[in-house]
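Read the structure below first, then the notes.
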Ligand SMILES: Nc1ncnc2c1ncn2[C@@H]1O[C@H](COP(=O)(O)OP(=O)(O)OP(=O)(O)O)[C@@H](O)[C@H]1O
Ligand SMILES: [Mg+2]
């Protein structure tokens, strides 16, 4: 009942958004702004001739590798930073700087060191995704309710059990919100890398179709990446519910 | 018409001491919570710690549990010095300390889980204690779906399920309603009677302390010492249902109130 209702709400908000887009295309807001239907037909055309999938095969490589690295290493470092003041002192500044660094300025440096291949692009994704994952995880770990840790200790949990059965599950809502932000940032990073390093994949579609004024294709590519990001974030939410059901249902308020 | 409580008439000259605290002091920075507190807890009996809020009852209980280091002094359980938490002690927390992401069943079984008891066995044992505290049917509920009193019972069941010799209970009935509270007090008396466990019980309620205790230690406000030990010995042999009408019961309640009222503004 509630599921179908939230589904309906989502559908309505999508319809409103697409309707507004369509109308803005008719007005037109700018001669470079296609209508929603034009963009969708360009999307279908690219899907049918396969160029969209070829592009995604290219774009997903640095994206997936980068997000996997940022997720695993980021959470591990974050837990470590949250547990140890010493690590906090050593590593936190790096990620704080990384988070606020102007990425565009770093790209030429990366290219100089790692070339224009996959490595540089993975780096860009990581630089975008990792800091928020690390910092969120560390903060959540540090804020584990002390009464739960005390309870674990009283019932004879080892330090390792305290970490795996109390600290990590208790931090998981914030870790997951860091992951969501990190994944979104990673998507931005992947496209940015393709726009700024070498035009490949979806970045290539965007650059190329803009250069030939095929704005419908350009918006179709942008639209598709947003849809993909939303799907990915939804999958992440499913994973979180699967892993920590009680947490997602809400915290006890006492 | 209730059955009289049967209790063996043992009056050993030297009571068997399960837990003893010697010259415990505890400072939190500049705050002196406990000062030179010594107290002995006879085996198989229930000792209440009674005192005004903030006088250090939780602190003392956590020191006995091995969760806090005393600034000075020592705790012995069965003659062995306490250096940390142990299998011989289980704790009921004042703030429940339940895992919000775990079901009632997993919360109750958590102590057993940490002791490496196999899943099917620990869940069977947990289910038994869930029933005992009156939460049957709520095994799969999550803590946020329970009332305060129900959460407290989950914490109680968790402590009972590990079957420790010493039960440290920090205001275990504070969040339950008056009817349930009375029921629990009776259950507790029965538990003390049938199990040879040592109960250390923190409470704010003078009536509750007198009703359930073999021994009541009255603590004075910070820095806390034991000001008086009262043993309502005569009450323990009486019929549970009549205790509250007993003149000895009323006398002791009055006496404790007389010595505590000086500390209430
Ligand atoms: N972690 C801490 N840091 C600093 N001071 C503390 C800490 N824990 C307790 N105290 C202080 O020690 C004193 C005793 O606290 P404690 O929690 O033991 O009291 P209590 O008798 O259990 O009170 P209540 O009946 O309200 O639960 C209080 O004055 C409190 O301010
Ligand atoms: Mg307390």
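We did not get these values from a lab; they are worked out from the coordinates using the rules stated. The structure presented is a predicted model; accordingly, all values stated were derived computationally and were not measured. Virtual Cβ from ideal backbone geometry, glycine too; neighbours counted across all protein chains shown.
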*asked:* Once you keep just the Cα pairs under 8 angstrom separated by 6 or more residues, what percentage relative contact order results for the range A:121-242?
replied: 31 percent
*Given the peptides A:13-21, B:94-102, A:154-162, arrange them by the average over their residues of other C-beta atoms within 10 Å, most packed first.*
B:94-102, A:154-162, A:13-21
*Exposure proxy check: B:139, A:194 ranked by fewest other beta carbons within 10 Å?*
B:139, A:194
*Express the relative contact order of chain A as a whole percentage, based on alpha carbon pairs under 8 Å and six or more residues apart in sequence.*
25 percent
*What order do you get for B:80-92, B:36-48, B:230-242 when each peptide is scored by the mean count of other beta carbon atoms within 10 Å, highest first?*
B:36-48, B:80-92, B:230-242
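Fewest Cβ neighbours within 10 Å first, please rank B:71, A:137 accordingly.
Numbers: B:71 15, A:137 28.
Going from least to most buried by this count: B:71, A:137.
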*Taking square-rooted eigenvalues a ≥ b ≥ c of the alpha carbon gyration tensor, is chain A rounded, prolate or oblate, where a/c under 1.5 means rounded and, failing that, a/b exceeding b/c means prolate?*
oblate
_GNM flexibility winner over chain A from A:104, A:229, A:185 (Cα, springs under 10 Å)_ = A:104
_P(r), alpha carbons of the range B:99-163 - 10 Å bins starting at zero, rounded %_ = 26, 60, 13
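How big is Rg to Rh over chain B, alpha-carbon atoms, Rh as the Kirkwood inverse-mean-distance radius?
Working: Rg = 18.3 Å, Rh = 19.1 Å.
The Rg/Rh ratio comes out at 0.96.
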*Quick one: among B:201, B:93, B:138, which has the greatest mean-square fluctuation in a GNM of chain B with alpha-carbon springs under 10 angstrom?*
B:138
_Overall form of the protein assembly as shown per C-alpha gyration tensor (a/c, 1.5; a/b vs b/c)_ = prolate
_Using Cβ contacts closer than 10 Å as the measure, can you line up A:214, B:251, B:30, B:214 from fewest to most?_
B:30, B:251, A:214, B:214
*Using only atoms on other chains, find how many Cβ atoms lie within 10 Å of each Cβ of peptide B:143-149 and report the average.*
3
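From the helices alone, meaning DSSP H stretches of at least four residues, give me the mean residue ellipticity at 222 nm for chain B, per-run term -39500 (n - 2.57), in deg cm²/dmol to the nearest 500. Mind dumping the intermediate values first?
Numbers: 7 runs with 86 residues, N = 265.
-10000 deg cm²/dmol, from helical runs alone.
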_the protein assembly as shown: antiparallel DSSP beta bridges as a percent of all, rounded to 5_ = 50 percent
*In percent, what relative contact order does chain B have, based on Cα pairs under 8 Å that are 6 or more apart in sequence?*
26 percent
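Inside 10 Å of the C-beta atoms of B:91-104, what's the mean count of C-beta atoms belonging to other chains?
Average per residue, whole number: 6.
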*Quantify how strongly other chains surround peptide A:169-182 by giving the mean number of their Cβ atoms within 10 Å of each of its Cβ atoms.*
1
*Of A:62, A:131, A:34, which is the most mobile in a GNM of chain A whose springs link Cα atoms less than 10 angstrom apart?*
A:34
